[in-house]
Every structure is written in structure tokens, then in C-alpha cells.
Amino acid sequence: MNVADIAEATQHLTFKLDEEVFAVDISKVREVLEFTSVTKVPRTPAFMRGVINLRGSVVPVVDLRLKFGMSETSRTVNTCIIIVEVSLDGELTVLGALADSVQEVFEFEPRQIEPAPKIGTRLKTEFIKGMGKRDDEFIIILDIDKVFSSEELAVVQDAGSHAAGNDQGKESEE
């Protein structure tokens with residue numbers, strides 16, 4: 001979906017990573033949790049911080065700051081985990097995304113959203129749905145379904161299933 005496809009007002013959850021404000025479509029957000037202890041899963045990418053227990057389900061937690069080339073998220077009183085649903089190749093994955101703080105639910109009118117900047121061919125920006133404008137501030141609107149590649153999501157899913165004690169993979173390893 002690109003900016004030209006946005007014909008009506010859409011609600012987004014805004015959150016901060018470092019000093020930047022990002023937004024994700026509210027329909028992709030399940031809930032926002034206080035930061036809780038995260039169990040590290042060995043041999044996963046640096047942006048994969050580990051897993052949490054969410055009402056009996058194992059949910060992988062990723063650090064969006066690391067994914068976007070920033071420094072690791074530090075735990076503060078405002079640090080939270082945004083539980084989102086990511087769709088890739090028709091499959092739904094639930095994961096937690098660390099954020100420095102959640103701001104608000106904001107409704108963007110189509111006229112408030114500009115196309116993602118074209119930054120040459122070497123930098124991929126397809127995960128940016130557009131740039132929202134509020135007053136004099138830009139808000140980077142993420143297409144959460146495109147932030148992670150299918151390979152990265154597979155690693156995240158595998159880490160979650162191994163942490164859940166899924167023994168199916170062990171048979172094939174022996």
C-alpha cells in the first residue's frame with residue numbers, strides 16, 4: 001500500500017524510538033504492555049531480544065531501535081512492548097516490539113501523509129508507508145508487515161517455538 005491508496009482518515013499508534021516518532025496502523029496493534037523480563041534465546045539476531053510469556057503464549061520480542069540501526073533500547077519507566085500482528089505470505093505472526101515510549105492514538109487525514117522519501121536505490125524504504133505531518137513534526141508511518149523480511153520472521157517464529165518447548169525440530173536434527 002502506498003500513500004495514494006490512503007483515501008480516508010486512518011488511526012495510528014504513535015511511539016518514540018530515540019528522538020524520532022513512529023506510527024503503526026492501530027488495526028495491527030493488539031495491546032501495549034509495560035516492559036517485562038525478556039528471556040534471551042541463543043543464536044538469534046541482535047534485534048531479537050528474546051521471548052515473553054503473554055497469557056500462556058510465547059511471544060517473540062524485537063528491538064526496533066536495533067532493527068533500524070540505532071542503539072539498543074534501554075529500560076526506563078516509559079519503555080513498553082507493543083504487541084503487533086505481522087502478516088507475511090498470508091501467515092500471521094504475533095510479536096512484541098520494544099519502544100522507548102508510546103505517545104497516543106492519532107488520526108491522520110490523507111492530506112497529512114506524504115510519500116516515503118526516495119533515498120536512492122541502495123537504501124530500502126519500502127517498510128515506510130509514508131511521512132505523517134503533525135504541526136511541524138514528521139511522524140514515520142511504518143508498514144509493520146514490511147519491517148521484517150520473511151527470513152527474519154522465520155527466525156523470530158523459530159525462536160518462539162523453540163522457547164515454547166516445541167520438540168518437533170529436534171527429531172530432524174538427530
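We did not get these values from a lab; they are worked out from the coordinates using the rules stated. Quantities reported herein were computed from a predicted structural model and do not represent experimental measurements. Every residue, glycine as well, gets a Cβ built from its backbone with ideal geometry; the counts of neighbours run over all protein chains shown.
A few comments on the model shown:
- Peptide packing for 37-47, 138-148 was compared via the average number of neighbouring C-beta atoms within 10 Å per residue; ordered from the highest value, the list is 138-148, 37-47.
- All Cα pairs of the stretch 41-100, percent lying beyond 13 Å: 64 percent
- Note on the stretch 3-164: percent of Cα-Cα distances in each 10 Å bin, starting at 0 and stopping at the bin with the largest distance, equals 10, 40, 36, 12, 1.
- Among 103-109, 82-88, 61-67, 12-18, sorting by the average number of other beta carbon atoms lying within 10 angstrom of each residue, highest first, gives 61-67, 12-18, 82-88, 103-109.
- Relative contact order of the stretch 3-164, defined on C-alpha pairs under 8 angstrom at six or more residues apart (%): 28 percent
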